[in-house]
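Right, one structure below, let's go through it.
The values are calculated or read from the model by the stated rules, or taken from the named source; none is laboratory data. None of these values were measured; they are calculated from a predicted model. Counting neighbours? That spans all protein chains shown, and the Cβs are built from the backbone with ideal geometry, glycine included. Note: accessible area is taken over every heavy atom of the protein model, side chains too, but ligands, DNA and RNA are not part of it. Shrake-Rupley method; radii C 1.70, N 1.55, O 1.52, S 1.80 Å.
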Amino acid sequence: MRSANSIFANVGTSIFEVMSRLAIEHKSVNLGQGFPDGNGPDDVRAFAHKALDDRPNQYPPMMGVPELRQAVAAHNKRFYGIEADWQTEVLVTSGATEALNDCINGLVEPGDEVVLIEPLYDSYLPILKRAGAVPRLVRIAPPKWELPEEQLRAAFSPKTKFILLNTPMNPAAKVFTREELARIAALCREFDCFAVCDEVYEHIIFDGRPHVPLMTLPGMRERTIRMGSAGKTFSLTGWKVGYLTGPRHLIEPVARCHQFVTFTTPPNLQRATAYGLGKDDAYFHDLAAGMQRSRDRLRAGLERIGFGVVDCQGTYFISADFRPLLAKGPLRGFNGDDVELCKKLTVEAGVTAIPVSAFYQSDAPRHFIRFSFCKKDETLDSAIERMEKYFGRV
Ligand code: PMP
Ligand code: GLN
């Protein structure tokens, strides 16, 4: 038999799917894959329901329904002061996952270099490699996740096509500071390259930090594409509605790719997302405040149990070092890594997390696990209670 494409044949099933399946099998509390356990805002869902019945369900325009493109442009202006022409500078995709694929395949020529900051979201590398890009990885490591200036500069070269930046960052829960963004922007200008910014967690950011799109820095408007996701902004991860904003010369080739990947996205979900983006400030404030409360609840539980909890500035995720738990209790004598620990916790404690090593290409730190806190209080409490029992603190 002939073989399939070697990148996808060898990449394995995504860690999120693997751990979610294991969680179902063992009926564990799933704090692995990042999905809220509510059902999203009632009014946004009701809007989608009504649009399904009352509005056309045939192919919408390839770039996205006008209402949503206008809403994305208005959202950019409202939150960040970014002016964008909704007709030429906004593109709707089937989730940020598709948006990433379209940006990569729409912009990369084989041999181009792309700068990435590790740990990174699991879809980035396979798609980049399939497009023939050469990844240039810069590493940040827990618990401080500091961006090393020298390595960052060394990752750029005359072959750099773009940097793929994720802020707020999954799984590090790091929000890049203005100074870090300024350094990145200066390198993009110096090496005359683009930036593709995965900003799906733009509204899930804590402790009063602002979200600063790289696009708003001097000289970046013409070289940056930024993406958002209705999945995250409306706690509806199954919807898969993503949106890109960027200059026409970048959106155009990306849209050419999109037209041959999905071509469009379900029109009622697009319309409901447009409605959602127009919600009042209280909605966006409460989204972040609610997630922050959940972060605090889970963090307090993990600290009580004895994990070494890492700072969490945004996203759905908090990481924890399990080494402090190795001295006694059920982990005494355990010398496995984070992957083995996540399996063990699922089977023996009834709680599922994600190994942080899954977000590194090689030589990953092996003693951090990532928990999702985008959950109801009962879910978080039940996970904490199970772990407290398991680790013998109750
Ligand atoms: N980027 C990051 C960093 C993510 O965590 C996610 C979440 N799945 C995505 C992209 C994909 O978003 P979507 O569900 O809209 O495809
Ligand atoms: N973004 C989600 C996470 O990091 C997972 C999305 C997926 O399963 N593809 O948990």
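Output the qualifying pairs, or none if there are none: Cβ atoms under 6 angstrom, residues six or more apart or on different chains, first residue in segment 10-35 and in contact (Cβ under 8 Å) with a residue 24 or more places away in the chain and of a type outside the set (S, T, N, Q), second residue part of a loop (DSSP other than H, G, I, E, B) and within 16 Å of ligand 1 (Cβ to nearest atom). Between residues of segment 10-35 that are in contact (Cβ under 8 Å) with a residue 24 or more places away in the chain and of a type outside the set (S, T, N, Q) and residues that are part of a loop (DSSP other than H, G, I, E, B) and within 16 Å of ligand 1 (Cβ to nearest atom), the close pairs are 16/33; 19/32; 31/353; 32/353; 34/316; 35/237.
Could you please let me know if residue 264 is assigned to a loop (DSSP other than H, G, I, E, B), open to solvent by 10 Å² or more (accessible area, probe 1.4 Å) and within 16 Å of ligand 2 (Cβ to nearest atom)? It is false that residue 264 is assigned to a loop (DSSP other than H, G, I, E, B), open to solvent by 10 Å² or more (accessible area, probe 1.4 Å) and within 16 Å of ligand 2 (Cβ to nearest atom).
So is residue 146 open to solvent by 60 Å² or more (accessible area, probe 1.4 Å), free of Cβ contacts under 8 Å to residues at least 24 places away in the same chain, more than 16 Å from ligand 2 (Cβ to nearest atom) and under 21 Å from the mean Cα position of the chain (by Cα) or not? Reasoning before the result, please.
On the way: open to solvent by 60 Å² or more (accessible area, probe 1.4 Å): yes; free of Cβ contacts under 8 Å to residues at least 24 places away in the same chain: yes; more than 16 Å from ligand 2 (Cβ to nearest atom): yes; under 21 Å from the mean Cα position of the chain (by Cα): yes.
Yes; evaluated as a whole, the condition is true for this residue.
Among the residues of segment 2-45, those that are more than 15 Å from ligand 2 (Cβ to nearest atom) and at positive phi comprise 27, 40. Looking at 78, 21, 45, just one residue is open to solvent by 70 Å² or more (accessible area, probe 1.4 Å), assigned to a helix (DSSP H, G or I) and closer than 19 Å to residue 239 by Cβ, and that residue is 45. Checking each residue in segment 81-93 for being more than 17 Å from residue 202 (Cβ to Cβ) and surrounded by fewer than 22 Cβ atoms within 10 Å (Cβ to Cβ) picks out 83, 85, 86, 87, 88.
When you look at residue 102, is it acidic (Asp, Glu), at pLDDT 95 or above and in contact with a His (Cβ under 8 Å, 6 or more places away or on another chain), yes or no? Full working, then the answer.
Details: acidic (Asp, Glu): yes; at pLDDT 95 or above: yes; in contact with a His (Cβ under 8 Å, 6 or more places away or on another chain): yes.
In short, yes.
Could you say whether any residue in segment 170-180 is aliphatic (A, V, I, L, M) and either part of a helix (DSSP H, G or I) or open to solvent by 50 Å² or more (accessible area, probe 1.4 Å) (or both)? No, because not a single residue in segment 170-180 is aliphatic (A, V, I, L, M) and either part of a helix (DSSP H, G or I) or open to solvent by 50 Å² or more (accessible area, probe 1.4 Å) (or both).
For segment 224-256: of the residues being open to solvent by less than 40 Å² (accessible area, probe 1.4 Å) and among the charged types (D, E, K, R), which is nearest to ligand 1 (Cβ to nearest atom)? Only one residue fits best here, namely 232. Filtered by the rule that a residue be surrounded by fewer than 19 Cβ atoms within 10 Å (Cβ to Cβ) and either within 19 Å of residue 104 (Cα to Cα) or within 16 Å of ligand 1 (Cβ to nearest atom) (or both), segment 149-169 gives 157, 158, 159.
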